[in-house]
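> Before anything else, here's the structure in question.
The values are calculated or read from the model by the stated rules, or taken from the named source; none is laboratory data. Keep in mind that this is a model prediction, so the values were computed, not measured. Cβ coordinates were reconstructed from backbone atoms using ideal geometry, including for glycine residues, and neighbour counts include every protein chain displayed. We work out accessible area using only protein heavy atoms, side chains counted, and drop any ligands, DNA or RNA first. Shrake-Rupley method; radii C 1.70, N 1.55, O 1.52, S 1.80 Å.
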Amino acid sequence: MQRFPGRRRSPEKRTQPTSRRPVRLLIVGALSWNPERIRSLHERGHRLWGLWSRSMAWDQGPYPSLDGCVTPVALADAARTLRDEAIDAVYSLYQVYHPRLWGAPAPGVEHGVWTLLRALVDERRRGAFDAPILRHWGFDVQNLAPDVVRSIDGHLFCNRAKERYWRSPVREGGCGVDAFDDCGVVDHLDGDRPKLEFMNDDFSERLSERDGEIHTVCIGRPFGIDYLAAARRGIHVHVYGNAHDDVTRTIARDLPLAVAGREAALLRRHIHLHPSLQAPGAAWEDVRRAKSAWVREFSRYDAGWSYVGRPLPWEALDDRAAIPSKVATCLAAGLPVIGDVRPGWHRYDELVRLGVNVDLDGYDALRGRLDDEVRTRERSKRAVRERAGYSFDASIDALVAAIERARECYFARPHRERARAPAGSRRLVHFTTSPDPRALARSVARRIVHPPDGPGVAPSRFAGLAEVARDAVRRLAGARKATILAAGLRLAVEPAPPAAARVPVQERA
């Protein structure tokens with residue numbers, strides 16, 4: 001195993017916070033799919049200010065769900081606020097997208113995260129404030145600014161696989177980024193899990209107990225599901241979109257046109273579209289109403305879906321780090337999770353660790369495992385037991401401990417060193433998921449040299465080239481396929497079902 005510099009704690013110590021005192025944080029960036037989770041920090045007594053960055057429309061602030069919990073700050077006032085309010089640390093997060101993908105600017109949301117952080121680093125060097133900067137890295141980071149990253153005092157990676165991808169040498173399929181090397185505080189923590197209060201006990205009677213058929217659910221974008229194979233084995237797939245992506249187009253990607261036409265009636269019977277239960281950009285009461293319904297709505301099903309296969313043209317090492325946010329939502333509702341068997345991939349290893357995996361290594365075998373689960377509910381009971389530990393609230397002690405460690409290391413250094421000028425290039429490093437033209441060209445070359453691995457991928461000197469060609473054809477044909485399938489299948493969003501009977505939590509635990 002390759003090891004990287006930086007101080008780490010053992011897993012046993014991870015749950016022991018360095019300090020439980022309330023901290024004062026300036027949050028800088030964008031908050032991903034569950035922005036209201038930050039309310040849990042406020043509810044624990046931590047004081048919060050927010051400086052929001054440009055990002056994709058679904059990700060970008062401002063966040064009405066945080067009104068009354070986070071005080072908005074303009075960039076021009078940020079350094080003064082840090083000093084006057086005696087803020088303990090700058091906490092930056094989470095995803096980073098290319099400007100081409102950003103939503104429209106909004107009042108107080110005018111700059112990218114690197115512009116904001118670079119301005120704060122410069123103000124700190126001039127003595128306007130004296131506090132550490134901690135960066136929490138999500139999975140979907142398309143670029144970084146090396147000079148800013150070298151000035152950061154603590155790094156929280158979403159998982160070890162993501163750190164490995166960025167820091168491993170290029171010859172090993174990594175990115176060879178060395179901007180993290182001089183930082184003494186490095187740890188790993190998934191930072192975008194649901195708020196604990198949404199993991200309520202409002203469980204419903206399962207649909208399979210009414211009609212005797214298997215019902216599964218995909219929450220968010222469906223990737224890699226063989227809908228026809230599932231339908232032929234009597235497995236229903238209920239899809240709840242994310243209120244942003246075109247669900248029909250995503251489904252079309254995994255359906256062959258000819259077969260879909262012949263089997264349209266079967267597919268219509270087994271594919272069900274439902275309204276999204278996400279509430280991006282909504283006020284807190286609206287978010288609370290929508291997400292408090294997660295357990296009631298999703299617990300009607302027998303299992304949820306994770307990603308199947310390689311959803312997007314990620315490089316091999318990057319693919320191992322992917323974190324489907326839908327897994328935490330499935331756990332919230334007490335659902336086991338279907339995923340293809342991928343030891344060494346974070347998204348599979350987490351399911352195994354929790355004991356909630358329903359392995360997909362063929363749809364006949366999947367039907368058998370789902371029948372076993374319906375009979376025993378063994379994995380569902382594990383999901384209920386494990387779900388609280390998969391909430392954002394369960395990670396707060398570890399997060400605060402990392403912030404305290406960053407402060408300790410920061411103030412242990414002489415002031416001159418703390419206020420050092422940024423080193424390294426100001427030019428952005430674009431990763432291969434970025435739409436930057438040079439990054440796209442590198443992505444093609446690297447995927448040919450380091451082809452994807454995993455189940456169903458046969459080793460071949462031309463495997464990478466074949467994969468690149470398939471991705472190109474899929475992208476070109478996707479829109480046309482979606483149009484044809486929408487007309488042929490006539491998949492419509494189904495109305496809300498009748499209220500299901502409530503099930504005591506003791507029967508689910």
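> What value, in deg cm²/dmol to 500, does the helix sum -39500 (n - 2.57) over DSSP H runs of n ≥ 4 give at 222 nm once divided by the residues of the chain?
That comes out to -10500 deg cm²/dmol.
> So, one more: Name the shape class, rounded, prolate or oblate, that the alpha-carbon gyration tensor gives for the stretch 243-321, where a ≥ b ≥ c are the square roots of its eigenvalues, rounded holds for a/c under 1.5, and otherwise prolate holds if a/b is larger than b/c and oblate otherwise.
In terms of gyration-tensor shape, oblate.
> Could you give the dipole magnitude of the chain about its Cα centre, charging the beta-carbon of Lys and Arg +1 and that of Asp and Glu -1, in debye to the nearest 20? Provide the component values of the computation, followed by the final result.
Details: 81 positive and 65 negative charges, 184 e Å.
Its charge dipole is roughly 880 debye.
> Can you list residues from other chains, or at least 5 along the same chain, whose modelled amide H is less than 5 Å from the amide H of ILE27?
Correct list: TRP49, GLY50, LEU51, TYR91.
> Here's another thing I want to ask about it. Quick one: Cα centre-to-centre distance for the stretch 74-117 and the stretch 24-62, in angstrom?
10
> Over the chain, what percent of the accessible surface lies on carbon and sulfur atoms, probe 1.4 Å?
Accessible surface attributable to carbon and sulfur in the chain totals 53 percent.
> Still on this structure, please answer the following. Test of understanding: what is the full-extension gain from ASP371 to GLU43, defined as 0.36 nm times their sequence separation minus their Cα-Cα distance?
113.9 nm
> Multiplying the sequence separation of ALA283 and ASN200 by 0.36 nm and subtracting their Cα-Cα distance, what value in nm do you get?
27.9 nm
> Leaving ligands, DNA and RNA out of it, work out the accessible area of CYS409 with a 1.4 Å probe and give it in Å² to the nearest 10.
Counting only protein heavy atoms, the figure is 30 Å².
> Now a separate question. In terms of the Cα gyration tensor, with a ≥ b ≥ c the square roots of its eigenvalues, is the stretch 115-177 rounded because a/c is under 1.5, prolate because a/b exceeds b/c, or oblate?
prolate
> Ok, one more. Between TRP58 and ALA258, what is the FRET efficiency for a Förster distance of 45 Å, r being their Cβ-Cβ separation, to the nearest 0.05?
0.85
> A follow-up question, please. May I ask you to list the aspartates and glutamates whose Cα is less than 14 Å away from that of LYS381, ignoring any residue fewer than eight positions away on the same chain?
Straight-line reach from LYS381, under 14 Å: ASP201, ASP302, ASP372, GLU373, GLU507.
> Apply 1/(1 + (r/R0)^6) to the Cβ-Cβ distance of ASP77 and ALA293, taking R0 = 35 Å, and write down the FRET efficiency to the nearest 0.05.
According to the calculation, E is roughly 0.35.
> Averaging sequence separations of C-alpha pairs under 8 Å and six or more residues apart, then dividing by the length of the chain, give the relative contact order as a whole percent. Present the calculation step by step, with values, prior to reporting the outcome.
Values: 1009 pairs, mean separation 98.6, N = 509.
It comes to 19 percent, rounded to a whole number.
> How far is helix 75-84 tilted, in degrees, relative to the longest principal axis of the Cα atoms in the chain, given as a value from 0 to 90 rounded to the nearest 10?
Roughly 60 degrees between the two axes.
> Report the residues of the stretch 103-136 in range of a label on ALA419: point 7 Å along Cα→C-beta, backbone N strictly under 20 Å from it.
Correct set: 117-134.
> Per-residue HN-Hα couplings for the stretch 292-301, Karplus 6.51 cos²θ - 1.76 cosθ + 1.60 at θ = phi - 60°, whole Hz, x for Gly and Pro?
For the stretch 292-301, the Karplus-derived couplings read 5, 8, 4, 5, 4, 7, 7, 6, 6, 9 Hz, x marking Gly and Pro.
> Nearest 10 degrees, 0 to 90: what angle lies between the long axis of helix 463-489 and the longest principal axis of the chain (Cα atoms)?
The helix 463-489 is inclined about 60 degrees to the chain.
> Now a separate question. Once the Cα atoms of helix 396-411 and of the chain are each reduced to a long axis, what angle between those two axes, in degrees from 0 to 90 to the nearest 10, is obtained?
So the helix axis and the longest Cα principal axis differ by about 20 degrees.
> How much accessible area per residue does the chain have, in Å², with a 1.4 Å probe?
The answer is 41 Å² per residue.
> On a full-extension model of 0.36 nm per residue, what is the gain between ALA106 and ARG268, subtracting their alpha-carbon distance, rounded to one decimal in nm?
Length gained, ALA106 through ARG268: 54.2 nm.
> Give the label of the value calculated from the structure for mean projected area of the Cα convex hull in nm², choosing from [x] 23.3; [y] 25.9; [z] 44.6.
Answer by label: [x].
> Hey, can you rank 93-100, 410-417, 25-32 by average C-beta count inside 10 Å, highest first? Walk me through the numbers on the way to the answer.
Numbers: 93-100: 19.8, 410-417: 11.5, 25-32: 24.8.
Top to bottom by mean Cβ count within 10 Å: 25-32, 93-100, 410-417.
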